[in-house]
Every structure is written in structure tokens, then in C-alpha cells.
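Report on one structure; see the data block that follows.
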Amino acid sequence: MYKLAGEERFLLWAVCSIQLQVHYSDGGEKLLLLAEGLLKKHIASHSLHEPEAIMVYISILEQQAKYGDALEVLTGKLGSLLTVEVDRLRIQGRLLARAGDFADAANIFQKILELRPDDWECFLHYLGCLLEDDSYWCTEENVDPIHPPKKVLCKISPLSDELFDSRISNASAVVQKLQEDSQNKLLRGLFFANLEIERRKHMHGKGNDEKLLGALTDYWVRFGHLACFASDVEMFIEVLAPDKKTELLENLKKITPSASIITTKALGQSMTLLRLQVLCGNMFHRSDSELEHCAVQMAEIYCKNLPLSKDLDPQESMHGEEILSLICNLLVELFWRTQNFGYIIEAILVLEWGLTIGRYAYHYKILLLHLYSYLGAFPMAYEWYKCLDVKNILVETATHHILPQMLVSPLWVDLSNLLKDYLKFMDDHLRESAEHSFLAYRHRNYSKVVEFVQFKERLQNSSQYLVAKVEESILRLKQHAHSIEEEETVLENLKSGIRLVELSNEIPSKPLTFNEDFQSRPWWTPTSEKNYLLGPHEEISYRARENLSQDLEAGFRRNIERRSLLPCMLYLSVQSVSTSIKENFEISGSLSDPKISTELKNLLERYAKMLGSTFENAVDLVTGVSDGLSSYKDFGTNLVEWFNFAVFLNAWNLSSGGCWSRTWHTVDSLLEKYILEGVASLESTIFTPYENMRTLVQVVSEPLAWHGLILQACVRSSLPSGKRKKKTGSAELSSSPLYLALRDSTQSLCSTLEAMLKWLIVNQSDDGKLEAILSSMQNDGNNDGPGQVFQILETSMSSMDSTELGHWITGAFKCWNTVEVARKLVTGKHVVLNEFIKNCESKFKSVQKLKQQLSQI
């Protein structure tokens, strides 16, 4: 197009496309030289006429580390295309810094600061160049935009002590001069600058705690009422020793207005002080009684300041809204320490109470979602997730709050809807991304072209997208596992699982992105793989939130690669046992395919390897556990996967002529022992965490379901129909070892499901559960234990009238009903149990049908 029309825009389209090609392929040096040559040739004959054109040219030179050439272009005639002086200076400073000319770069960034003194990013560039510590340039390309670091990443300055002192003094002088201007006195960026200067001194071993405390106090006086204060100063507080952190808190308390003063600024400072106590770790080192007292004080502050919100629109955030979140965190901390479920119930009631008036408080909904999930009330958790009204890219960053819990729940209809909505968003966005790029080309916004393509790549490589595609296929198999005919239709639609095996082959080398917004998760569950409430309090010493995605990646790859093999292993198992049964019963028309057995063996070997074992050792382990020589604990956290291995191993043994009678017994024994022991150990109280039941649900939903399907395939193949005829008599068939193994296995499965259903149905009753919830918070006038906080909320509200609170707040509280909220928890857990019973009943009916069919042989 450029050759035909000679237009600048077509040239830039070509150059931008070359840049993308460099980003996604090898041989970048030659391609960049080609792009540079095309631009130089065009400039020589036509020059450039668009600001975006000069930006593209400079980026081409910058990618080749030709910083000097880029500076010549910028400061020459073409540089005049950039009409905004600050933008031009910013590029010039960056090029000088990357060329190693830190002195001139610092001067350029100082000019920008004089023009825009509140430019925090520019100050970081200025200080980094002044100290030559690569604070920005060494990390710019490696920073994850979804999970940016909380602090400025930098190396220790290589300067001598004398030169460091001189340079840092220059920086302080520049900041002080800017602050002397009356127009700059209240600019946050300059206060940040003083704090960062003190932090760098600490890093260089020249820190002065008193100066840093003074700078933090000055920032507090002016901005302590802002909600962002705690996150603003987090990286600066980190450099302080514990005793200095305590000193800071004491200093701030002295200059904080009394809690009796009711103004939005005083409330903001009180909330910030509470956040800082959490940030400094003071809360988690207090005794149980001190934590309770702190939660009570927070509740009192919240109630006293409720009148400040009476004139707000119901859709606006209420003043002091975050106090209830802080109270919830303290109550969960108390539960973690004491294992008193009354604290969990109180936390739920506090949040539900807050949502009565603040219906749009998303952080309440997230906390509730995770609390209900912990207790196994998934319908309530899912309802609150839907109330978040997640749209657009938040579908990718926020689904992690609910998807992992739903994957291990028996709510398959809700899970199916969740997966379909998520996959639809991702597929639609990936399909439309080409249009977005084309639109950026048409509007000559070439930086957006690169941005759109990189964003598309990030979504394509999403770990959550990968999970959704695999689990959606497995879910369909679980939903139809009661019927071999329906299952074969699903497998046919899944192309026999071959596409997922191909996907599994790509996973080890596939780049993965973790786009989840982990910072929005509660402290007790920083990732979906970790929940501190499931472990004893004393074993957890530090709750870090940094580098979570890196910690997840290795285990994630193994797990999803393993899960991707299941549909194909199921298909091969059904096919192999079908032909083997026909051969064993000598039914005419049966043709054995050795390739199927070989493929299944290969997948079993891969599956065992992903479980950290060889095939032979895996066989020995499942056999040893079945025979009682080893414990179920030897399976570790992958018990369900080991059961899957045993089920498919049995199918392979039957088709390969191995010792199938032994593996039939192994599978029967594994399932029967684990399920019956698991049911016996379950507690029927309303407070039982779902974790106690989760593995049992998974065992029934997967390995038991797959084993049932293999039995159905075996029985179907042993019953000839139409023109097929048996060569063996009925009496001889019914006494064959294979028939006996099928009969015994079917009976074992039937007895196991029957025993489990009896327990589940007996414990389905909700009798006494509502009373247990309400009584868990009865304080009886004591000054300790759960119930104190919620009592303050209720009594305070009853003592205020509509003139103090406003009509809409008063009206909202008239709708509050503690008993109804408690009943929602009971109902939510009942629905989960009822859905699990339905799943078990469908399997029980299919196994009973198998028993009838076997009796006809």
C-alpha cells in the first residue's frame, strides 16, 4: 500500500507491524534495521508530519539502543512535532538516562519538576539519575502491570559516601525550593519526595529515623484523613524498626482529634490510624481480649459517625465504610486464634448489616463471599459474587474470588453458567481484538496498536482461561456420568479429548499470565490455593502478598496439564474395556485395537509422572493403600488424582491382559474405604467448614463416576444385541472370573453409595442449626467472646432516630432481620448438601440398573 500510494500512514502501518513482529519472533535486529531504513528514506524525501510518527521513529531507534541517534531526532527539526514541552523533555530525559548520561538526564527531569512539581514519577526519574541507582530504568520492562510492586525498585547507589551525601542534599534542596512556592505547599508529590529521600538514605546506610518520622508526621498532618494514606506510606514504614513503628503510631495518636469529634476529617484520620496499626503488625501481636476491645472501639466509632452519611445518595460510599471491613478482619483473626465459630458468624452479620445501608460496598461483598465459601454456603457466596456486577476486564481479574470454590462444589448448574459467561467474555474479546487494533491503525494511534496486541497476548495466555477451558469440558463429563450413552455423546463433542491432550502437550512451554487481582482478596486467603483458617494459628508466622503469581506457577502447570488428560483417558478406558469384554466373553464381531491400550498406557505414565512418581511406583502405592500397607495420607494433597489413576489403571489392565482381578479389587477397596471412613468422620453441625467435605464430593464426582462409567461400558459389552451372538453359554459366562469381578465391583459401589446416602439424608435436617447460629453469639453480659460488636451496632441504631440518621438509612435498618440472615446460612448449606445428594442418587440409580443387567447374563 505504501509503494502504491506513498502515504506516510501506510509506512507507519508497516513499521508498526515490524515492531510487533520483532516482539513476537526472532531476528529482531535485522527487522528493526529494515524499519529504520524505511523511515530514513521517507524522511529524506517527504519528512514526517505526525506526532505519532516521530514517536514510532524514536522507539525504533531506542529498541536498537541507538540513544544518541534518537536524541538527535528529538532535538532536531522533527522534534518540533511534539508540541507539549513536558512530553518532549520526558523522552529526552529517558534517552539520556539510558545512554548513561545521568547528569544531563537529572537536569532535564529537574526542569520537568519545575514545570510540574506534583509529578511523582518524574521525581523518581530525577532521583534515580542523580543517585545513578537505576531505580526506574533497570525494572521498567519487567514490571507486571497487573501486579505492580508496592515500592520503588532500585539498586543500592554505587556512589561514594561523599558523593552520595552531595547528590542527596541537592535533591533535598530542589524539593525544599519547590515547596517554598505558596502554590506548591499542599502538593502530595513533594511530601512523597521528602519521604523517598529519607528512604534512600536508609538504604545507603545513612538513614535518620527522626527525620523519617518527622516527614511521615508532616504528611499525616496534611493528608492523614485520606483513604489512600496507609497505602501511600507503606513502603516508607517498612524501613523502620518495630520500636520506631510503635513510636510513630504513638506520635500520630497524640495529634489525632478525639473520637468524640464528629467530622469527616476526624473520622478519616481515625480510620487511617486503624489501618496503620494493621500495617505495622500491631494488631496481630495483641492478646485476644485486646483485639476484642479494639473491634468494639471501631464499632463505636462507626456508629457515632453514621449521621455524617445521612445526606448522601444511597449509591455513594458511606463515611467510615471501611471500619466494618477492619472489624471483620479482626473477628476472623479471633476465630483463627480461638476456633470459636461465633466470631465467624459475627463477622458475617456485621457485613450483612453494613450492606443493608451500603448496598454498593464491594469490599463487604468480597469478604462475605469468602466467609460463606469457607463454611460451604456456596449459593450465598455465588449470590454475593453476582451482586458485584463484574463486567468487562474485571471478569478476568475478579473471577478468582468464586471460580476455585465452585469447581469443587456440587452446584454444577451455577458452575456451568459461571464458566460459560467467563469463556464467552474471553472468546468475544479475543475475537474483537483485531478490530481494536485496526481501529488504532485507522486513527494513527500506533502506540495503542502495540498496547492492544500485548493485551490480547496477556489474555490468551491467561492461566484462568486455561483452567476454564479444561474444567468446562470435565464438568460436562461429570454432569452426564450417570449414562454411558450420554457420556459418549459428550466425548464425541470433545473430539475424544484429543484437543485437550494437545493442549496438555503445550502447557510446559506455554507462557502463562496470572491476571488475578490478589490484592483484593482477604488476608486469610491470599490465593485460591491458600487459606490460613484451615491451619493452626501458631504455624503461620508471616502473611506475604508479594510474588504470589510466581509461587503459583509451578504447581499450576502440573495440575492443569494433568487435568487436561482426563477426558482422553476416560474415552480410551471406555473403548478399551468394551473391546476387551467382548473378547473375554467371546462375542462375535469384536475387534481389539492394540493402539488404544498403548495410548492409554502412555497417558497413565504421563499422569503418574505429573503426580511425582514413576508408573511402577504409582501402581505399588495405590495397591499398598488399598491393601492397608500404606495410608491415604501418602497420596498427599492429590488424593482425587491418585484415585483417578487407579480407576484408569484398572481399565488398562483389563485391556492389556494384566492382573485385572487385582486392580478391580484395588479400585473397589480404595473407594469403599475412603468414602465410608470419610462419611463417618463428617460432623453434621452448621459450623463444619466445607473443607471437611470437599474431597469426598470430588471423589464421588470424578473417580467414582469414571469407575461407574467403565462398569457401564463393561456390562453393555457383555450383553449382545441384534445380530451379535454369544459363542459361550449363559451359565459359563455367569461363572467366569471377569463376570464375578464385575458383579462384585457393582455390588461394592452400590453398597458404598447406599451407606453414604443414608448418612447424608439423615443429616439433611436443619433442626437446631438456626438456634446454634444465634446462640453462638449470646454474650450473657460478659465482656469477652463473640457478640459484643454486633450488640453495639444493634443497640446504637435503636437509640437513634430518623432526624439523626436520615430517612433512607433509618428505612434500610427497618428491613434488618438477624434471624433471616442466619437462616440464609442454613439454607445455603442445605442447598449444597441437597445437590450432593442428587448427584449421589443419580449414580446410585445407574449402579442399581447395572445390577439388574448383570443378573440377566
Legend entry - Spin-label model distance (nm) - Glu485 vs Ser509, 7 Å beyond Cα toward Cβ: 4.4
Inset, instruction - Give, in nm to one decimal, the length gained when the segment between Tyr24 and His285 is fully stretched (0.36 nm per residue of separation minus the Cα-Cα distance). - result: 89.0 nm
Legend entry - Helix-only [θ]222 nm of the chain, DSSP H runs n ≥ 4, -39500 (n - 2.57) each, per residue, nearest 500: -22000 deg cm²/dmol
Inset, instruction - Mind putting a number on the dipole of segment 416-532 about its Cα centre? Charges go on the C-beta only, +1 for Lys and Arg and -1 for Asp and Glu, and I need it in Debye to the nearest 20. - result: 580
Legend entry - Extension gain, Leu676 back to Asp313 (0.36 nm per residue minus Cα-Cα distance, nm): 125.1 nm
Inset, instruction - Work from the charge dipole of the chain (Cβ charges, +1 for Lys and Arg, -1 for Asp and Glu, about the Cα centre) and give the residue of Ile357, Cys568, Gly636 farthest towards its positive end. - result: Cys568
Legend entry - Cα-centred dipole magnitude for segment 303-456, charges only on beta-carbon of K, R (+1) and D, E (-1), debye, nearest 20: 340
Inset, instruction - Please give the FRET efficiency for Leu186 paired with Ser798, using the beta carbon to beta carbon distance and R0 = 35 Å, rounded to the nearest 0.05. - result: 0.25
Inset, instruction - Please give the length that would be gained between Asn417 and Thr598 if that part of the chain were fully extended, namely 0.36 nm times their separation in residues minus their C-alpha to C-alpha distance (nm, one decimal). - result: 61.5 nm
Legend entry - Nonlocal amide H pairs with Thr513, under 5 Å, H built at 1.01 Å: Ser462, Ser463
Legend entry - On Cα atoms only, tilt of 703-717 relative to the major axis of the chain in degrees: 40
Inset, instruction - Mind grabbing the base-10 log of I(q)/I(0) for segment 338-412 at q = 0.11 Å⁻¹? Debye formula, identical points on the C-alpha positions, no solvent, two decimal places. - result: -0.28
Inset, instruction - Using only Cα atoms, tell me the angle between helix 484-493 and the longest principal axis of the chain; keep it within 0 to 90° and round to the nearest 10. - result: 40
Inset, instruction - Work out the charge dipole of segment 171-288 with +1 on the Cβ of Lys and Arg and -1 on the Cβ of Asp and Glu about the Cα centre, then indicate which of Leu240, Leu216, His285 is farthest towards its positive end. - result: Leu216
Legend entry - ³J(HN,Hα), Karplus 6.51/-1.76/1.60, whole Hz, each residue of segment 402-416, x for Gly, Pro: 10, 4, x, 5, 5, 5, 10, 9, x, 7, 6, 5, 5, 4, 4
Legend entry - Length-normalised contact order of the chain in % [C-alpha pairs under 8 Å, at least 6 apart]: 12
Inset, instruction - Determine, from the Cβ-Cβ distance of Ser231 and Arg458 and an R0 of 35 Å, the FRET efficiency 1/(1 + (r/R0)^6), rounded to the nearest 0.05. - result: 0.90
Inset, instruction - Give the carbon-plus-sulfur fraction of the accessible surface of segment 468-535 in %, rounded to a whole number; probe 1.4 Å, heavy atoms of protein chains only. - result: 45
Inset, instruction - Under 12 Å from a label point 7 Å along Cα→Cβ of Ser775: give me every residue in segment 343-376 with its amide N that close. - result: none
Legend entry - Computed magnitude of the charge dipole of the chain (debye, nearest 20; Cβ of K, R +1, Cβ of D, E -1): 2300
Legend entry - Average Cα contact separation per residue, segment 168-284, under 8 Å, 6 or more apart, as relative contact order %: 23
Inset, instruction - Measure off 7 Å from each Cα along the Cα-to-Cβ vector at Leu534 and Glu238, then give the distance between these two points in nanometres to one decimal. - result: 2.8
Inset, instruction - Could you order peptides 479-486, 813-820 by the average number of other Cβ atoms within 10 Å of their residues, highest first? - result: 479-486, 813-820
Inset, instruction - Identify which of the listed values of semi-axes √(5λ) of the Cα gyration tensor in Å was calculated from the structure shown: (1) 57, 41, 23; (2) 74, 29, 28; (3) 47, 42, 30. - result: (1)
Inset, instruction - Please give, to one decimal in nm, the separation of the simple spin-label points placed at Asn107 and Glu502, each 7 Å out from Cα toward the Cβ. - result: 6.1
Inset, instruction - Output the relative contact order of segment 388-509, whole-number percent, from Cα pairs under 8 angstrom with separation of 6+ residues. - result: 21
Legend entry - Among Ala651, Leu671, Tyr690 the positive-end extreme of the charge dipole of segment 638-699 (Cβ point charges): Ala651
Inset, instruction - Could you give me the percent of Cα pairs per 10 Å distance bin for segment 770-857, shortest bin first, beginning at zero and ending with the bin that holds the maximum distance? - result: 13, 25, 22, 14, 11, 9, 6, 2, 0
Legend entry - Rounded tilt (10° steps) of 615-626 against the dominant C-alpha axis of the chain: 70
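The values are calculated or read from the model by the stated rules, or taken from the named source; none is laboratory data. Only a predicted model underlies this, so the values are computations on that prediction, with no experimental measurement involved. Glycine also receives a Cβ, built like all others from the backbone with ideal geometry; neighbour counts cover every protein chain displayed. To get the accessible areas, we keep the full protein, side chains included, count just its heavy atoms, and leave off ligands, DNA and RNA. Shrake-Rupley method; radii C 1.70, N 1.55, O 1.52, S 1.80 Å.
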